[in-house]
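Everything below concerns the one structure shown next.
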Amino acid sequence: MDIDERRGVKIAIGLISASFAVVAFSSADVNLDYIAALKFGSPITLYGVTLLLYERWLWRPARRIGISQVPDFSGTWRGAGRSSHAATEFDAEIEIAQTWSKISIVGRFGRSESQSSGFAFIRSRGMEAVLIHTYLNRPMEAGEGLHIHEGTAELTLRKDGSMNGTYYTGRDRATHGTFTLTRVSNP
């Protein structure tokens, strides 16, 4: 991602966890071994739990109030596209499962299905968020000219909530295309 948010959030969660652990356990002066173990493990455990909560759920509210800059692409998206292969048009449905640091994209395009294999967020185009991802596409049925192939897609989340995309496939297919999507459900 082209923003340096991850390091700062992890440091802030660490400092908050350590501070809370010091305050919470400074008054506990019991000489039992399990209390000593709890005192030692509490900042680490608290850090892990807080980071997990932020990773899965808290980053969205943090985004709404300006703390997080990670764009939210999650949900089910539907629309249509156009391929350079025989100038064909196709229906598109993309399901995006996202946490603060991870994303999974599954796309269904008429006769094939794709699964993401890598991604990057970019905010270099003003306030519009761009997600670039690589994918592996598999045909649902054997067909002329359609076989397993790799490709890259670029999805741009527009200010109006729609998403536009472009894609191109690996060397053996050498096709490209565009699509426009609308979010039909949120996670």
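Accessible surface comparison of Met163, Met140, probe 1.4 Å, protein chains only, largest first: the order is Met140, Met163. By the compact-protein rule of thumb, 2.2 N^0.38 Å, the alpha-carbon radius of gyration of the range 83-156 corresponds to a ratio of 1.21. Accessible area per residue for the range 54-120, computed on protein heavy atoms with a 1.4 Å probe, is 52 Å². Couplings for the range 171-187, taken from phi via the Karplus curve 6.51 cos²θ - 1.76 cosθ + 1.60 with θ = phi - 60°, read 4, 6, 8, 6, 10, 8, x, 9, 7, 10, 10, 10, 6, 9, 7, 9, x Hz in order; Gly and Pro are left as x. At a Förster distance of 25 Å, what's the computed FRET efficiency of Glu89 paired with Lys159, Cβ-Cβ distance as r, to 0.05? Using R0 = 25 Å, I get an efficiency of 0.45. In this simple spin-label approximation, Trp57 and Asn186 carry label points 7 Å from Cα along the Cα→Cβ vector, and these lie 1.5 nm apart.
The values are calculated or read from the model by the stated rules, or taken from the named source; none is laboratory data. Quick caveat, the model's predicted, so the values are computed rather than measured. Here Cβ is always computed from backbone atoms with ideal geometry, including for glycine, and neighbour counts include all displayed protein chains. Protein only, heavy atoms only, side chains kept; ligands, DNA and RNA dropped before computing areas. Shrake-Rupley method; radii C 1.70, N 1.55, O 1.52, S 1.80 Å.
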